[in-house]
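One structure is given below, encoded as structure tokens.
The values are calculated or read from the model by the stated rules, or taken from the named source; none is laboratory data. Computed from a predicted structure; not experimentally measured. Every residue, glycine as well, gets a Cβ built from its backbone with ideal geometry; the counts of neighbours run over all protein chains shown.
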């Protein structure tokens, strides 16, 4: 099965989970830890000791400006299903979403490059990666991501944008040329077009892109082959 079919299957499974969620969805940035199932009906179950270490570390993260667990699980599902080798995250915060990336990337042999503006949050994220035993596959770059992403080289398999909302369109413009055909761009905290019209217009008016919204807050865009 090729990577495009795998990605479509992953999105279908995630959409099914989303439609089964209770009213009110999973919340936005900075949501509480909630229960272990995070709305899916079952907790994340570790397949081995290394995965358990990551999940345990994730459970202990101070989730300031972090995604809900449901979106973390979606990140892992998509990352692993497309066989991502190079993942990019804009907005590390304290490292919670990066740990979900790591769960997928350790299976694909991939790496995460993540960007964080705040020095304190960057230090906390690095410590959380160390606790989870995944610091060797994550590179965190501090400072202004709008400038620092210019250092990146393609191909990029999957991008996750969860930072300054008025900067989403700029991140897209800079990163889209580096995303491989069949790659994915995830944008968080977009529950409707009105929340970020500039970004949503960019991903929905481009005929080379296909965009859907999952988990109520995640816009998922496929760069068509």
Matching residues, region 177-199, being part of a helix (DSSP H, G or I) and touching a strand residue (DSSP E or B) at 6+ places or on another chain (Cβ under 7 Å): 178, 199
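Conditions (1) under 11 Å from the mean Cα position of the chain (by Cα); (2) within 18 Å of residue 138 (Cα to Cα), marked per residue:
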residue	(1), (2)
58	no, yes
71	yes, no
85	no, yes
90	yes, yes
Considering residues of region 207-217 that are touching a strand residue (DSSP E or B) at 6+ places or on another chain (Cβ under 9 Å) and assigned to a loop (DSSP other than H, G, I, E, B) only, the residue surrounded by the fewest Cβ atoms within 10 Å (Cβ to Cβ): 208
The one condition in (1) touching a strand residue (DSSP E or B) at 6+ places or on another chain (Cβ under 7 Å); (2) more than 17 Å from residue 214 (Cα to Cα); (3) at pLDDT 95 or above; (4) buried (at least 17 other Cβ atoms within 10 Å of the Cβ) that residue 99 fails to fulfil: (1)
Residue match in region 106-119 (condition: closer than 23 Å to residue 49 by Cα, in contact with a helix residue (DSSP H, G or I) (Cβ under 8 Å, 6 or more places away or on another chain) and in a loop (DSSP other than H, G, I, E, B)): yes
Of the criteria (1) touching a helix residue (DSSP H, G or I) at 6+ places or on another chain (Cβ under 8 Å); (2) in a helix (DSSP H, G or I), which one residue 220 fails: (2)
Matching residues in region 166-194 - criterion: being over 15 Å from the mean Cα position of the chain (by Cα), surrounded by 15 or more Cβ atoms within 10 Å (Cβ to Cβ) and farther than 26 Å from residue 83 by Cβ: 167, 169, 170, 191
